[in-house]
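First the structure, in the form of structure tokens, and then the observations on it.
Computed from the coordinates by the stated procedures, all read-outs in this text should not be read as laboratory data. If you're wondering where the values come from, they're calculated on a predicted model, not measured in any experiment. Don't worry about glycine lacking a Cβ; one is built from the backbone with ideal geometry, like all the others, and counts go over all protein chains shown.
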Amino acid sequence: MTVVSGSLPSAAPATGYRGRLAPSPTGYLHLGHLRTFWIAAQRAKRHQGELLLRCDDLDRARCRESYITGFLDDLAWLQIEWTPPMIRQSERIPLYWAALERLHAGGYIFPCQRSRRDVLAALGAPHEGPGGDDDEPVYPVSFRPAPGAGTPALENVSGQNWRFRVPDGEPLTFHDGGQGTQTAIAGRDFGDFLVWRKDGLPSYQLASVVDDALLAITEVVRGADLVRSTFRQLLLFRALRWNAPAFFHCPLVRDEQGVRLAKRHDALSIRALRAAGTTPEKLFTSFAQEVGSQS
Ligand code: GLU
């Protein structure tokens, strides 16, 4: 049971366990991904369930086939088993569009011409923070269309971003299997968020929700950097009237300076560790110790 807040969707009925691994082929996997995938695999095994592999390859400019080959190779080396075929988001655009149409029909979304830079300027933060926080900044309410302005047809405003209007001030809560109870206030901790991009592609939030629902995922295991996204996604599950899966967010791996690992930490990529002679057994043992010491 994931969601404890009254009005958010409840977790999918426990009819067998199905998890997923969802790498983005925008770089080589690093230790952080690996630990998350290892935890996902352990949980699937413990529940005698299965793991799907979803390739988050929507961002055409940043995705490369060599990174797909890279993660397939790393998963095989780690003996992390998944159920084929691999699911590619780039081949599922019509499913995401159908969900967008439902959100549109329900009055949940609006077109938006503001750039990320406009949003940051309105917040008095014209530059991104040095930490490179890749989360969406809170969209100013003043940028919303005037009340009563009506929502144009989707087809009339292709080539524009579309955003989901969050229920301002609504307290949201869900129970996280890894991190305990999580709370946020819509409109304060996150604002109206992107569901469709002007380049004709769904946002990560929408694509992930559609896939988790249609692929009947029962538990999402991923990094704790996505907890805030989970609140957004729970709002999408609710608007689309789909059950939400359970969630388990894994602690992030940081480097010696305390900086969260990102793909640019090449030294800690699985390939580099392999080249340096690390074995999967050594890695798994260290994960098991870390996870054990946290619980
Ligand atoms: N592709 C996403 C990432 O690498 C994962 C998204 C998810 O697990 O929902 O951050």
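Please compute the net charge surrounding residue 208, taking Lys and Arg as +1 and Asp and Glu as -1 over other residues with Cβ under 10 Å from its Cβ. The partial results should precede the final answer.
Details: positive: 20, 54, 222, 232; negative: 56, 211, 212.
Surrounding charge for residue 208 is +1.
Hey, if you put +1 on the Cβ of every Lys and Arg and -1 on every Asp and Glu Cβ in the chain, which of 275, 242, 58 ends up farthest toward the positive end of that dipole?
Farthest along the dipole direction, towards plus: 242.
Compute the long axis of helix 280-294 from its Cα atoms, compare it with the longest principal axis of the Cα atoms of the chain, and write down the angle in degrees, 0 to 90, nearest 10.
Approximately 60 degrees, to the nearest ten.
Can you give the angle from 0 to 90° between the axis of helix 65-77 and the longest principal axis of the chain, with both taken from C-alpha atoms, to the nearest 10?
The angle comes out near 40 degrees.
Starting with the fewest neighbours, write out 46, 232 ranked by other beta-carbon atoms found within 10 Å of each beta-carbon.
Working: 46 9, 232 28.
With the sparsest Cβ surroundings first, the list reads 46, 232.
What percentages make up the Cα-Cα pair-distance distribution of the chain when the bins are 5 Å wide from 0?
1, 5, 11, 15, 18, 17, 15, 9, 5, 2, 1, 0, 0
Tell me the net charge near residue 145. Cut-off is 14 Å between Cβ atoms, residue 145 excluded, with +1 for each Lys or Arg and -1 for each Asp or Glu.
Net charge around residue 145: +3.
Neighbour counts of other C-beta atoms within 10 Å: give me 175, 249 arranged from fewest to most.
Listing 175, 249 from fewest to most nearby Cβ atoms yields 175, 249.
I need the phi-derived Karplus couplings for the range 152-162: 6.51 cos²θ - 1.76 cosθ + 1.60, θ = phi - 60°, integer Hz, Gly and Pro marked x.
Here the 3J(HN,Hα) series is x, 4, 4, 5, 6, 10, 6, x, 9, 6, 10 Hz.
Rg to Rh for the range 15-170: what is it, with Cα atoms only and Rh by Kirkwood?
Details: Rg = 19.7 Å, Rh = 18.9 Å.
Value, to two decimals: 1.04.
Please determine, in degrees from 0 to 90 and to the nearest 10, the orientation of helix 93-105 with respect to the longest principal axis defined by the Cα atoms of the chain, where the helix direction is its Cα long axis.
The angle comes out at about 40 degrees.
Relative to the present Cα-Cα distance, how much length would full extension add between residue 288 and residue 188 at 0.36 nm per residue of separation? Don't jump to the answer; show the numbers that get you there.
On the way: separation 100, 0.36 × 100 = 36.00 nm, distance 3.67 nm.
Taking residue 288 through residue 188 to full extension adds about 32.3 nm, to one decimal.
In sequence order, what are the phi-derived ³J(HN,Hα) couplings for the range 44-56 according to the Karplus relation 6.51 cos²θ - 1.76 cosθ + 1.60 with θ = phi - 60°, rounded to whole Hz, with x for glycine and proline?
After applying 6.51 cos²θ - 1.76 cosθ + 1.60, I find 4, 5, 4, 8, 6, x, 10, 10, 8, 10, 10, 9, 7 Hz.
What's the local net charge at residue 61, with K and R +1, D and E -1, over the other residues with C-beta under 13 Å away? Intermediate values should be presented prior to the final figure.
Values: positive: 60, 62, 64, 197; negative: 57, 59, 199.
With Lys, Arg at +1 and Asp, Glu at -1, the neighbours total +1.
What list do you get for 225, 135 if you sort them by fewest beta carbons within 10 Å?
On the way: 225 16, 135 12.
Least to most surrounded, the residues fall as 135, 225.
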